[in-house]
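Engineer: My questions will all concern the structure given below.
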Amino acid sequence: MPDENRTFQRAGMTIRVFSDAGAASRAAADLIAEAIRGAKPDRRAVLGLATGSTPQKVYAHLAAWHAAGELSFRDVVTYNLDEYYPIQPLDPKSYRCYMHRHLFSLVDLSPQAAHILDGTVPEPFVADHCAEFERWIAADGGLDVQLLGIGRNGHIGFNEPSELPVEEALALPTRLVELHPVTRADAVREFGGADKVIPRALTMGVKTILSAGSILMLATGAHKADAVAAALNGDPRSGLPASLLQTAGGKVTWLVDELAASLIS
Ligand code: F6R
């Protein structure tokens, strides 16, 4: 049982605070494994997955349980939140490559069951591709569980801060977006230079994310404390996309470490 310090409710959401990133990640992995094992016999578990530095320990747990013969991905289908655009799948910086490194190559997930938005689709076909991605999710019965991280600017997936009315922000579909300056700055490390960061991406929409059966937001580290506090305080607003999770209330669980929780009032 991960080292859990406290649990409370905020805007209908459950906030679980752990001693450190390792414990929060372990709790996320436990919940994902539960979703896999709990899938009905006639239906595959449908997982929404995230990339970035935060979920790496989650995938390490899932891979270790698979290696130990305790968890199988045979009856799992996955959909990733986002992908840079344009990018080749074999580019080591692509999220497809990331997922192979951290999970897909380490478990028995069928390649046909691993869906990632395609960074090679020619631009005139992008809207169709995004609509098709949403149709595939619907045809699989919808996302059972969506794992999220939070950007320092409060983004979820690559749904960046905007000035849209809340109703419009909540209805955002899967689409091509421009990355926010904070997101681009945070990607400099990954890309090895500000001029090398790919400034656009394909992202699952807010609407699709919020339609998941359950949503796990994993946030760890002091650099996430401002965004976490801002998302939990105040009303849902498009200027801070993670605050829109408040509208999904009871199905949202925040798994945060003490550092990320330090500014919640
Ligand atoms: C990644 C994604 C992003 C990240 C967020 C946090 O697929 O959708 O929203 O979750 O940028 O990234 P890290 O974990 O690197 O701090």
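Engineer: Within region 87-129, track down each residue that is within 16 Å of the ligand (Cβ to nearest atom), of a type in the set (A, V, I, L, M) and either assigned to a loop (DSSP other than H, G, I, E, B) or more than 25 Å from residue 191 (Cβ to Cβ) (or both).
Structural biologist: The answer is 87, 103, 116, 117.
Engineer: Let me ask you something else. Tally the residues that are within 12 Å of the ligand (Cβ to nearest atom) and either closer than 22 Å to residue 48 by Cβ or touching a Phe, Trp or Tyr at 6+ places or on another chain (Cβ under 6 Å) (or both), restricting the search to region 188-197.
Structural biologist: Total satisfying the criteria: 1.
Engineer: While we're here: If you go through region 152-187, how many residues are within 11 Å of the ligand (Cβ to nearest atom), open to solvent by less than 40 Å² (accessible area, probe 1.4 Å) and not in a strand (DSSP E or B)?
Structural biologist: 9
Engineer: While we're here: Might you let me know whether region 241-257 holds any residue that is more than 13 Å from the ligand (Cβ to nearest atom) and among the acidic types (Asp, Glu)?
Structural biologist: No - not one qualifying residue is present in region 241-257.
Engineer: Within region 24-52, which residues are open to solvent by 10 Å² or more (accessible area, probe 1.4 Å) and either charged (D, E, K, R) or farther than 20 Å from residue 209 by Cα (or both)?
Structural biologist: Step one: list which residues in region 24-52 are open to solvent by 10 Å² or more (accessible area, probe 1.4 Å), which gives 26, 30-31, 34-44, 51-52.
Result: 26, 30, 34, 37, 38, 40, 41, 42, 43, 44.
Engineer: So for region 196-213 (the condition being in contact (Cβ under 8 Å) with a residue 40 or more places away in the chain, farther than 28 Å from residue 36 by Cα and over 15 Å from the mean Cα position of the chain (by Cα)), does at least one residue qualify?
Structural biologist: The initial filter retains those residues of region 196-213 that are in contact (Cβ under 8 Å) with a residue 40 or more places away in the chain, namely 198, 200-206, 208-213.
Subsequent filtering for residues that are farther than 28 Å from residue 36 by Cα retains 198, 200-201.
When the remaining residues are screened for being over 15 Å from the mean Cα position of the chain (by Cα), the result is 198, 200.
There is at least one residue in region 196-213 that is in contact (Cβ under 8 Å) with a residue 40 or more places away in the chain, farther than 28 Å from residue 36 by Cα and over 15 Å from the mean Cα position of the chain (by Cα).
Engineer: Just wondering, is there one or more residues in region 67-77 that are within 16 Å of the ligand (Cβ to nearest atom), of a type in the set (Asp, Glu) and modelled with pLDDT of 95 or more?
Structural biologist: Just the residues of region 67-77 that are within 16 Å of the ligand (Cβ to nearest atom), to begin with: none.
The answer is no; no qualifying residue exists.
Engineer: Sticking with this one: Read through the list (1) without any contact (Cβ under 8 Å) to a residue 12 or more places away in the chain; (2) open to solvent by 40 Å² or more (accessible area, probe 1.4 Å); (3) part of a helix (DSSP H, G or I), then give the number of the only condition that residue 60 fails.
Structural biologist: That leaves (1) as the condition not met.
Engineer: Tell me, please, whether a residue that is assigned to a helix (DSSP H, G or I), under 30 Å from residue 128 (Cβ atoms) and either open to solvent by less than 20 Å² (accessible area, probe 1.4 Å) or not small (Gly, Ala, Ser) (or both) can be found in region 215-232.
Structural biologist: Here is the first cut: in region 215-232, the residues assigned to a helix (DSSP H, G or I) are 222-232.
Cutting the leftovers down to under 30 Å from residue 128 (Cβ atoms) gives us none.
Taking every residue of region 215-232 in turn, none turns out to be assigned to a helix (DSSP H, G or I), under 30 Å from residue 128 (Cβ atoms) and either open to solvent by less than 20 Å² (accessible area, probe 1.4 Å) or not small (Gly, Ala, Ser) (or both).
Engineer: Here's another thing I want to ask about it. Kindly indicate whether residue 133 is part of a helix (DSSP H, G or I), under 17 Å from the mean Cα position of the chain (by Cα) and over 22 Å from residue 197 (Cα atoms). Show your work before the answer.
Structural biologist: Values: part of a helix (DSSP H, G or I): yes; under 17 Å from the mean Cα position of the chain (by Cα): yes; over 22 Å from residue 197 (Cα atoms): yes.
Spelling it out, residue 133 is indeed part of a helix (DSSP H, G or I), under 17 Å from the mean Cα position of the chain (by Cα) and over 22 Å from residue 197 (Cα atoms).
Engineer: For region 130-151, how many residues are of a type outside the set (D, E, K, R), away from the ligand (no atom under 16 Å from the Cβ) and touching a residue at least 60 places away in the same chain (Cβ under 8 Å)? Lay out the reasoning, then the answer.
Structural biologist: As a first pass, look at region 130-151 and keep what is of a type outside the set (D, E, K, R): 130-131, 133, 136-139, 141-143, 145-151.
Keeping just the survivors that are away from the ligand (no atom under 16 Å from the Cβ) gives 131, 136, 138-139, 141-142.
Cutting the leftovers down to touching a residue at least 60 places away in the same chain (Cβ under 8 Å) gives us 141-142.
Number of matching residues: 2.
Engineer: Moving on. Looking only at region 1-56, which residues are assigned to a strand (DSSP E or B) and modelled with pLDDT under 95?
Structural biologist: Step one: of region 1-56, the residues assigned to a strand (DSSP E or B) are 4-10, 13-18, 45-49.
Passing the criteria: 4, 5.
Engineer: On to the next question. When residues of region 94-108 are filtered for being more than 15 Å from the chain's Cα centre (by Cα) and either closer than 15 Å to residue 29 by Cα or buried (at least 17 other Cβ atoms within 10 Å of the Cβ) (or both), how many remain? Give the steps one after another, and end with the answer.
Structural biologist: Of the residues in region 94-108, the ones more than 15 Å from the chain's Cα centre (by Cα) are 94, 97, 100-101, 104-108.
Subset that is either closer than 15 Å to residue 29 by Cα or buried (at least 17 other Cβ atoms within 10 Å of the Cβ) (or both): 94, 97, 100, 104, 106-107.
Counting residues in region 94-108 that are more than 15 Å from the chain's Cα centre (by Cα) and either closer than 15 Å to residue 29 by Cα or buried (at least 17 other Cβ atoms within 10 Å of the Cβ) (or both) gives 6.
Engineer: Same structure, new question: Could you list all residues from region 179-189 that are within 18 Å of the chain's Cα centre (by Cα) and charged (D, E, K, R)?
Structural biologist: Scanning region 179-189 gives 184, 186.
The values are calculated or read from the model by the stated rules, or taken from the named source; none is laboratory data. Here the structure is a predicted model, which is why all the values come from computation and not from measurement. We place every Cβ from the backbone using ideal geometry, glycine too, and count neighbours over all the protein chains shown. Areas reflect the complete protein model, heavy atoms only, side chains present, ligands, DNA and RNA absent. Shrake-Rupley method; radii C 1.70, N 1.55, O 1.52, S 1.80 Å.
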